Amino acid sequence: MSEINTQIKDVTNIQATSSLREMTTMFFRNYAAVAGLILLITILLFVFAGPWLHTTDPFEMVWAPFTMPMQEGFILGTDYLGRDILSAMMAGGQVSLAIGLAAALVSVTIGVSVGAFAGYYGGLVEELLMRFTEFFQVLPTLLFSMVIVALFGASLLTVTLAIGVVSWTAVARVTRSEFLRIREMEYVAAARSGSARDLYLIFKVILPNALPPIVVQANLMVGSAILFEAALSFLGLSDPNVMSWGQVIGSNRPYILDAGFAVAIPGFAIFLTVLAISLVGDGLNDALNPKLRQR
Amino acid sequence: MSLGKILAKRIGYGLILLIAVVVLNFTLITIAPGDVADSIAGDMGGADAEVLAEIRSRYGLDRPFAVQLGRYISSIAALDLGYSYFYNAPVTELILQRLPATLLLVFSSQILAIAVGLLLGVMAARKPNSFTNLIVTFLSLFGFAAPVFWTGILLIILFVAIWPVFPVGGMMSASLIDAPWYEQWINIAYHLVLPMVTLASIYLALYSRLTRASMQEVLGSDYVRTARAKGLAENKVFYKHALKNSLGPLVTVAGLQFSAVISGAVVVEAVFSWPGLGTLALQSILARDTPTIMGILFLSSLVVIVVNILTDMILRMIDPRIRAD
């Protein structure tokens with residue numbers, strides 16, 4: 001039994017490594033994807049390494065409000081409270097990216113579990129789980145997460161959970177269809193004949209082979225979670241003590257006609273980040289599905 | 001199964017979904033910290049335990065959960081969504097006042113996005129190396145990555161500071177309150193332009209990319225080759241054979257996207273102070289006006305369910321292959 005399992009593990013590992021090398025080559029041949037990756041690394045460096053070079057406190061009033069960019073030594077100007085926007089972009093970026101990642105993690109966890117069990121067991125389990133998924137597709141996502149945040153208080157945790165809980169349905173659908181396909185494969189039958197348990201089959205045999213489309217979906221999820229967080233903060237439903245890109249936009253919004261840059265700059269940062277993520281996602285998709293690429 | 005039977009089945013299933021939505025909302029609001037009595041007491045400037053208990057018994061909040069839920073569901077069945085303590089008006093009336101504005105915004109932006117998206121997608125599929133194809137590629141990247149409120153704010157800046165031709169807020173000029181209806185309608189259309197374009201921008205990208213992809217797929221299929229081989233004019237092949245068959249995915253996605261469109265409308269309404277359901281939702285959420293929030297969640301889920309059923313029916317009507325099962 002254990003011997004069979006090790007063999008199966010070997011088989012799946014071999015598949016994973018050989019396709020990994022192929023995938024990397026494919027990915028780096030795609031100029032748009034490489035550009036996206038470079039952009040993403042630049043943004044990460046700016047957000048996480050930037051504060052060491054530019055040490056101004058993002059919450060401190062440092063100059064007159066609405067100083068134009070490139071004036072008085074403020075590269076991106078100051079906001080309605082005279083705070084340095086460059087510092088706010090770095091601090092806010094950390095929060096926006098962290099919430100994006102965490103919320104995507106929540107939605108991928110829920111989505112993969114629902115999709116995996118539905119696809120693996122089929123029958124009544126599948127019917128019930130897919131009805132459950134459909135139910136979440138009917139709920140107007142933003143309204144529902146606004147209600148969750150308003151009811152349970154705006155904190156990083158509630159915002160992250162509220163985004164994750166409403167956006168897992170696409171992951172569940174992708175996972176289910178992959179499981180439906182893979183569970184009929186011979187190596188799964190082989191593992192089953194070695195009397196492997198269900199959970200082992202689901203998470204150790206099928207899931208690793210179902211990962212490519214899930215990875216692509218998860219990647220897009222990070223981008224849409226960042227947009228989601230920005231929309232919530234723009235509407236005033238975020239932790240007021242934590243700075244995020246959406247928060248900068250929301251708090252400067254009443255003054256757009258006097259100082260459009262205070263709103264345009266963080267919006268542009270979100271745009272660039274999500275753009276970079278989706279370029280990388282397209283590249284991953286092409287690299288992971290060579291058949292689609294040839295078409 | 002006949003179309004009528006399928007429709008009946010879908011409606012029955014939609015009702016079950018709707019009840020599930022109501023149960024979920026009600027449960028959430030019950031387990032959340034604080035209730036209506038607390039917020040009323042807060043408005044009164046504080047109250048002691050006795051007054052709180054009296055408020056709770058007056059609104060039936062001291063009853064067991066199941067009883068409260070049952071009462072709520074039966075009142076919804078009678079089209080009564082409760083009473084808003086914040087606006088001092090029945091919720092049904094409040095929502096019906098705001099619904100037309102939201103529906104106008106949502107449907108006009110969807111029609112715009114589908115029309116322009118189809119046009120661009122078809123042009124791009126026709127000439128794969130053209131400028132239009134490049135535009136579709138850029139649009140689809142921009143549409144996904146740009147936050148919708150940011151697009152709206154950029155439009156406001158553009159149309160206030162640089163080219164002031166369209167109004168950037170509200171739905172109708174206050175001076176027209178006694179004007180004849182056609183003048184009012186023209187004014188509303190004028191106010192609609194920017195919110196509509198903003199909301200359409202997201203979906204325009206999606207639809208143009210989708211149309212391009214499905215057109216390219218259909219153009220490579222056997223029956224298109226047959227049509228060309230028998231000497232049919234290229235225009236006829238393109239519009240009569242290919243376009244008709246690539247509409248299916250567009251209709252499916254447009255239907256599935258509808259709950260996201262409502263979410264987008266909430267943000268766009270906030271940007272342009274458009275007096276619709278989204279604005280009402282935001283105000284009532286900030287004021288913790290529970291009956292109104294629940295009413296809006298209920299109604300928007302109802303709209304999504306109805307649109308999903310309609311999409312399904314349209315798909316079955318345009319595609320005989322789906323109708324068969």
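A:LEU279 - would you say it is surrounded by 21 or more Cβ atoms within 10 Å (Cβ to Cβ), over 25 Å from A:LEU151 (Cα atoms), out of contact with any Asp or Glu (no Cβ under 9 Å at 6 or more places or on another chain) and facing chain B (nearest Cβ under 10 Å)? Spelling it out, A:LEU279 is indeed surrounded by 21 or more Cβ atoms within 10 Å (Cβ to Cβ), over 25 Å from A:LEU151 (Cα atoms), out of contact with any Asp or Glu (no Cβ under 9 Å at 6 or more places or on another chain) and facing chain B (nearest Cβ under 10 Å). For B:LEU52, indicate whether it is in a loop (DSSP other than H, G, I, E, B), surrounded by 15 or more Cβ atoms within 10 Å (Cβ to Cβ), away from chain A (no Cβ under 14 Å) and on the phi < 0 side of the Ramachandran plot. Judged against the criteria, B:LEU52 is not a match. Take the residues of the range B:142-180 that are modelled with pLDDT under 75 and assigned to a helix (DSSP H, G or I): which is nearest to the other protein chains (Cβ to nearest Cβ)? Per the criteria, the residue is B:ALA161. Here A:PHE271 clears all of (1) over 20 Å from the mean Cα position of the chain (by Cα); (2) within 29 Å of B:LEU286 (Cα to Cα); (3) surrounded by fewer than 23 Cβ atoms within 10 Å (Cβ to Cβ) except the condition numbered (1). Of all residues in the range B:1-56, exactly one satisfies the criterion of being polar (S, T, N, Q), under 17 Å from B:ASP289 (Cβ atoms) and at pLDDT 80 or above, namely B:ASN25.
Annotation: A:PHE234 fulfils all but one of (1) of a type in the set (A, V, I, L, M, F, W, C); (2) surrounded by fewer than 23 Cβ atoms within 10 Å (Cβ to Cβ); (3) facing chain B (nearest Cβ under 10 Å); the unmet one is (2). Scanning the range B:113-131 for any residue that is assigned to a helix (DSSP H, G or I), of a type in the set (Phe, Trp, Tyr) and either more than 20 Å from the chain's Cα centre (by Cα) or at pLDDT 80 or above (or both) turns up at least one such residue. Within the range A:130-169, the set of residues being part of a helix (DSSP H, G or I), more than 10 Å from chain B (Cβ to nearest Cβ) and either farther than 30 Å from B:LEU286 by Cβ or modelled with pLDDT under 85 (or both) comprises A:MET130, A:THR133.
To keep it simple, each residue is scored yes or no on (1) within 27 Å of A:VAL95 (Cβ to Cβ); (2) touching a Ser or Thr at 6+ places or on another chain (Cβ under 6 Å); (3) modelled with pLDDT of 65 or more; (4) surrounded by fewer than 17 Cβ atoms within 10 Å (Cβ to Cβ).
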residue: A:GLN7; (1), (2), (3), (4): no, no, no, yes
residue: A:THR25; (1), (2), (3), (4): no, no, yes, yes
residue: A:ALA35; (1), (2), (3), (4): yes, no, yes, yes
residue: A:ILE38; (1), (2), (3), (4): yes, no, yes, yes
residue: A:PHE48; (1), (2), (3), (4): yes, no, yes, yes
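Checked across the range B:304-319, the condition of being closer than 30 Å to A:GLY246 by Cα and surrounded by fewer than 21 Cβ atoms within 10 Å (Cβ to Cβ) holds for no residue.
Cβ separations smaller than 7 Å between residues 6+ apart or across chains give the following pairs from the range B:133-161 residues that are within 13 Å of B:VAL271 (Cβ to Cβ) and without any contact (Cβ under 8 Å) to a residue 24 or more places away in the chain to residues that are part of a helix (DSSP H, G or I) and of a type in the set (Gly, Ala, Ser): B:PRO147/A:ALA230; B:PRO147/A:ALA231; B:PRO147/A:GLY267; B:TRP150/A:GLY267; B:LEU154/A:ALA264.
The set of residues in the range A:80-107 that are buried (at least 24 other Cβ atoms within 10 Å of the Cβ) and under 11 Å from the mean Cα position of the chain (by Cα) comprises A:SER96, A:ILE99, A:GLY100, A:ALA103, A:ALA104, A:SER107.
Just one of the listed residues (B:TYR59, B:TYR72) is modelled with pLDDT of 75 or more and surrounded by 12 or more Cβ atoms within 10 Å (Cβ to Cβ), namely B:TYR72. Candidates are the residues of the range B:222-243 that are surrounded by fewer than 21 Cβ atoms within 10 Å (Cβ to Cβ) and in contact (Cβ under 8 Å) with a residue 12 or more places away in the chain; the one that is nearest to the chain's Cα centre (by Cα) is B:LEU243. Within the range A:237-266, no residue satisfies the criterion of being under 20 Å from B:PHE159 (Cα atoms), away from chain B (no Cβ under 11 Å) and charged (D, E, K, R). The requirement of being farther than 24 Å from A:PHE117 by Cβ, in contact with a helix residue (DSSP H, G or I) (Cβ under 9 Å, 6 or more places away or on another chain) and modelled with pLDDT under 85 is not satisfied by A:SER193. Would you confirm, using the coordinates I've provided, whether A:ASP286 is over 30 Å from B:ALA125 (Cα atoms), more than 8 Å from chain B (Cβ to nearest Cβ), surrounded by fewer than 24 Cβ atoms within 10 Å (Cβ to Cβ) and among the acidic types (Asp, Glu)? No, not satisfied. Among the residues of the range B:64-88, those identified as of a type outside the set (Phe, Trp, Tyr) and either outside the structural domain of B:THR30 (by TED's automatic domain parsing) or part of a loop (DSSP other than H, G, I, E, B) (or both) are B:PRO64, B:ALA78, B:LEU79, B:ASP80, B:LEU81, B:GLY82, B:ASN88.
Hey, among the residues in the range B:259-282 that are farther than 15 Å from A:PHE234 by Cβ and without any contact (Cβ under 8 Å) to a residue 60 or more places away in the chain, which one's farthest from the other protein chains (Cβ to nearest Cβ)? Among them, the one singled out is B:ALA260.
All of B:VAL237, B:VAL224, B:VAL304 fail the test of being under 30 Å from A:VAL147 (Cβ atoms) and among the hydrophobic types (A, V, I, L, M, F, W, C), apart from B:VAL304. Report whether or not A:PHE203 is surrounded by fewer than 23 Cβ atoms within 10 Å (Cβ to Cβ) and either within 30 Å of B:LEU282 (Cβ to Cβ) or away from chain B (no Cβ under 14 Å) (or both). So A:PHE203 passes the test.
The values are calculated or read from the model by the stated rules, or taken from the named source; none is laboratory data. These numbers were taken from a predicted model, which means no experiment stands behind them. Please note: Cβ atoms are built from the backbone with ideal geometry, for glycine as well, and neighbour counts cover all protein chains shown.
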